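K.L.:
A single structure is presented below for examination.
The values are calculated or read from the model by the stated rules, or taken from the named source; none is laboratory data. All values reported here derive from a predicted model rather than from experimental measurement. Neighbour counts run over all protein chains shown; Cβ positions are idealised from the backbone, glycine included. Just so you know, the surface numbers come from the protein's heavy atoms only, side chains and all, with ligands and any DNA or RNA stripped out. Shrake-Rupley method; radii C 1.70, N 1.55, O 1.52, S 1.80 Å.
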Amino acid sequence: SLGSEGLVERRGRRRSGPGRPEIVYGLTDASEALFPSQEGRLLQELATFLHEEGRDDLVRAFFDRQAERRWSAVRERLDGLEGPARMGEVARILTEEGFMAEVDTDPEGRELLRLCHCPMRSLVDVTKAPCRSELRSVREMLGGHLVRVSYIPAGDASCCYALKQAG
């Protein structure tokens with residue numbers, strides 16, 4: 001049944017006259033994901049509109065605020081974590097956000113954070129504000145200076161970051 005598959009859930013009852021009340025069902029988040037969504041296209045069109053109107057400042061301010069909210073939301077998950085444990089938790093956080101993140105090592109032995117998917121790719125075609133925000137967030141989460149090793153908008157297969165070596 002749709003209920004046992006987690007696609008619908010009971011939302012309440014409705015009385016429309018004499019007799020037993022009707023049971024009201026609604027779609028769950030899992031079932032909503034099965035329907036086409038216009039949000040990505042509309043967000044891209046909004047960013048294009050703001051750009052054409054000379055309001056890139058609003059787009060940047062929006063993503064700066066999102067970066068601040070993201071940091072507030074994940075700070076507790078990263079408290080007390082250092083080195084590989086912190087890098088692994090950052091990868092999990094970013095994967096939850098749709099980046100398909102993984103920890104890798106380069107030939108020089110540096111630990112890399114590789115983002116294999118960009119969940120905001122259609123927006124990045126209009127403005128680099130999401131990229132700026134992503135870099136800021138990753139810097140805050142890892143707690144160090146980063147070097148961007150690869151970049152999807154430049155034609156690379158992933159966005160990849162390495163912690164800058166001291167000295």
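K.L.:
Would you tally the net charge around Thr28, using a Cβ to Cβ cut-off of less than 12 Å, leaving Thr28 out, and scoring K and R as +1, D and E as -1?
P.N.:
-2
K.L.:
Another one. Springs between alpha-carbon pairs under 10 angstrom, Gaussian network model over the chain: which of Glu32, Glu97, Glu76 fluctuates most?
P.N.:
Glu32
K.L.:
Taking only Cα atoms and a 10 Å spring cutoff, compute GNM fluctuations for the chain and point out the largest among Ser133, Ser122, Ser31.
P.N.:
Among Ser133, Ser122, Ser31, the largest mean-square fluctuation in the Gaussian network model of the chain belongs to Ser31.
K.L.:
Out of residues 5 or more away from Arg55 or on other chains, whose amide H comes under 5 Å of its own, with H placed 1.01 Å from N in the peptide plane?
P.N.:
Amide H neighbours of Arg55, under 5 Å, 5+ apart: none.
K.L.:
Let me ask something else about it. For the chain, what is the mean residue ellipticity at 222 nm derived from helices alone (per DSSP H run of n ≥ 4: -39500 (n - 2.57); sum divided by total residues; nearest 500 deg cm²/dmol)?
P.N.:
-13500 deg cm²/dmol
K.L.:
For segment 64-73, take each phi angle, set θ = phi - 60°, evaluate the Karplus expression 6.51 cos²θ - 1.76 cosθ + 1.60, and give the result in whole Hz per residue in order, putting x for glycine and proline.
P.N.:
Values per residue, Gly and Pro as x: 4, 5, 4, 4, 5, 5, 4, 4, 4, 6 Hz.
K.L.:
Lys and Arg at +1, Asp and Glu at -1: add these up for the other residues within a Cβ distance under 12 Å of Leu46 and post the number.
P.N.:
Charge balance in the 12 Å sphere: -2.
K.L.:
Of all accessible surface on segment 1-126 at a 1.4 Å probe, what whole percent is carbon and sulfur?
P.N.:
Solvent-exposed carbon and sulfur of segment 1-126 make up 51 percent of the total.
K.L.:
Another one. Quick check: the angle from helix 39-52's long axis to the longest principal axis of the chain, C-alpha only, nearest 10 degrees?
P.N.:
The angle comes out near 50 degrees.
K.L.:
When the chain is modelled as a GNM with alpha-carbon springs shorter than 10 Å, which of Leu46, Leu123, Leu27 fluctuates the most?
P.N.:
Of the options given, Leu27 has the highest mean-square fluctuation.
K.L.:
Give the distance, in whole Å, between the Cα centre of segment 1-67 and the Cα centre of segment 89-122.
P.N.:
27 Å
K.L.:
Here is a further query. Could you point to the label whose value was computed as semi-axes √(5λ) of the Cα gyration tensor in Å for the structure here, given [x] 29, 20, 12; [y] 27, 20, 17; [z] 39, 23, 15?
P.N.:
Recomputing semi-axes √(5λ) of the Cα gyration tensor in Å here picks out [z].
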